[in-house]
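For reference, the structure is listed below as structure tokens.
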Amino acid sequence: MIESAFPRQLHPYWPRLQEKTRRWLLEKRFMPADKVHEYADGLCYTDLMAGYYLGAPEEVLQAIADYSAWFFVWDDRHDRDIVHGRAGDWRRLRHRLHAALDAPRHHLHHPDPLVAGFADSVVRLCGFLPRTWNQRFTRHFHTVIEAYDQEFRNRTEGYIPGVEEYLALRRHTFAHWIWTDLLEPSAGFELPDAVRENPAYRRPALLSQEFAAWYNDLCSLPKEIAGDEVHNLGISLITHEGLSLEEAVDEVRRRVEECISEFIEAEQEALRFADGLADGTVHGKELSAAVRACIGNMRNWFSSVYWFHHESGRYMVDTWDDRSTPPYVTNETAGEK
């Protein structure tokens, strides 16, 4: 369905994007140099962003790609802290990320590379649009940090959330509204609340993110079962709906396919909504064009997510020496004690 209905595209800046993000990972000391050289390109983090935010100015795309790479590294640290029972390390990191989000310039030289790198990303991302966008982005990411804390507690306690509870939490751990917020600097335009909150815009935005989260669950299910995970739509379906593994996979796939079909319908309504914003004024014309650009990139998210999951070494669990331990992570704790 994806290959036929959502042709793959990549931002022409992608080759330099990959090179600069690889260099940024080294400079910020997010991963040991040997792991960056061996795994960074194969993880395809820049491919994912270069296939999503088409039309973004190079500086914007670079900031988004670096931030995305940071997000994956943070996700890996969170996972290793859970696996190795490092509750104190996680608690400190959580508080420091909240603080860095509120005052990023004060944390640019923090001794924990993950905190300093996050601060660097926030400063850059908040330099493209007005203060109101920055405040929204900050508010949304505070929620993401707290959702990661909830996942930490769930996994530590072995608690498998019910399906609806899981889906609500997943919208935050996958950072649905962060990736949607970033459509705006890519289009060079902050959308007014009345546009962002209109169902014609909000529905395709949510569907594109739900597709990504559920497709991720589908592709990461083998890895997460191997690691005794509790956070996956398939695992919630097996535990709370009494489905077999095969039935759970079929159900997640059905939901993914439903997202695709519903997006195609919602996309048309969103484009009509965008056209209606062109009211004959210069502002109306610019707003309409920005909304169309955002909707176009919602569409690009489908193909970018699809290819990322089939090409990234992050999901090639069958090639790992230990199916529960990704080869690109380190098990040692990191940062300031």
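When W307 is tested against (1) touching a Pro at 6+ places or on another chain (Cβ under 6 Å); (2) among the aromatic types (F, W, Y); (3) modelled with pLDDT of 95 or more, exactly one condition is not met: (1). Name the residue that is farthest from R8 (Cα to Cα), counting only residues in the stretch 290-325 that are open to solvent by less than 60 Å² (accessible area, probe 1.4 Å) and out of contact with any helix residue (DSSP H, G or I) (no Cβ under 7 Å at 6 or more places or on another chain). The residue in question is T325. The numbered conditions (1) under 23 Å from V305 (Cα atoms); (2) in contact with a helix residue (DSSP H, G or I) (Cβ under 8 Å, 6 or more places away or on another chain); (3) assigned to a helix (DSSP H, G or I) are all true for D250 except (2).
Being out of contact with any Lys or Arg (no Cβ under 8 Å at 6 or more places or on another chain) and open to solvent by less than 20 Å² (accessible area, probe 1.4 Å) narrows it down to one of V163, V230, V249, so name that one.
Details: V230 fails: out of contact with any Lys or Arg (no Cβ under 8 Å at 6 or more places or on another chain); V249 fails: open to solvent by less than 20 Å² (accessible area, probe 1.4 Å).
Only one candidate qualifies: V163.
When each of F152, F189, F137, F141 is tested for being in a loop (DSSP other than H, G, I, E, B) and not small (G, A, S), the lone residue that passes is F189. Cβ-Cβ contacts under 8 Å between residues 6 or more apart (or on different chains), taken from a first residue in the stretch 159-186 that is under 15 Å from F211 (Cα atoms) and modelled with pLDDT of 95 or more to a second residue that is outside any loop (DSSP other than H, G, I, E, B) and of a type in the set (F, W, Y), are listed as R171/W177; T173/Y148; A175/F71; A175/F141; W179/W301. Hey, any hits in the stretch 25-37 for a residue that's in contact (Cβ under 8 Å) with a residue 24 or more places away in the chain, part of a helix (DSSP H, G or I), within 19 Å of V305 (Cα to Cα) and open to solvent by less than 40 Å² (accessible area, probe 1.4 Å)? No, that holds for no residue. Inspection of the stretch 227-243 identifies at least one residue that is part of a helix (DSSP H, G or I), free of Cβ contacts under 8 Å to residues at least 60 places away in the same chain and over 25 Å from L277 (Cβ atoms).
For the stretch 168-193, the tally of residues that are open to solvent by less than 40 Å² (accessible area, probe 1.4 Å) and either among the aromatic types (F, W, Y) or over 23 Å from S68 (Cβ atoms) (or both) stands at 3.
Here is a check on your reading of the model: is P12 closer than 23 Å to I145 by Cβ, assigned to a loop (DSSP other than H, G, I, E, B), modelled with pLDDT of 95 or more and out of contact with any His (no Cβ under 8 Å at 6 or more places or on another chain)? Steps first, please.
Working: closer than 23 Å to I145 by Cβ: no; assigned to a loop (DSSP other than H, G, I, E, B): yes; modelled with pLDDT of 95 or more: yes; out of contact with any His (no Cβ under 8 Å at 6 or more places or on another chain): yes.
No, not satisfied.
Evaluation of L93 against the conditions (1) out of contact with any Pro (no Cβ under 7 Å at 6 or more places or on another chain); (2) touching a residue at least 12 places away in the same chain (Cβ under 8 Å); (3) open to solvent by 20 Å² or more (accessible area, probe 1.4 Å) shows that the sole unmet condition is (3). Screening F128 with (1) open to solvent by 50 Å² or more (accessible area, probe 1.4 Å); (2) touching a helix residue (DSSP H, G or I) at 6+ places or on another chain (Cβ under 6 Å); (3) closer than 28 Å to E311 by Cα gives one miss only, at (3). Here C294 meets each of (1) in a helix (DSSP H, G or I); (2) of a type outside the set (G, A, S); (3) under 30 Å from R80 (Cα atoms); (4) under 17 Å from the mean Cα position of the chain (by Cα) with one exception, condition (3).
The values are calculated or read from the model by the stated rules, or taken from the named source; none is laboratory data. In this text the structure is predicted, and so the values were computed from the model without any measurement. Ideal geometry is used to build each Cβ from the backbone, glycine not excepted, and the neighbour counts take in all protein chains shown. Heavy atoms of the whole protein, side chains included, go into the accessibility calculation; ligands, DNA and RNA do not. Shrake-Rupley method; radii C 1.70, N 1.55, O 1.52, S 1.80 Å.
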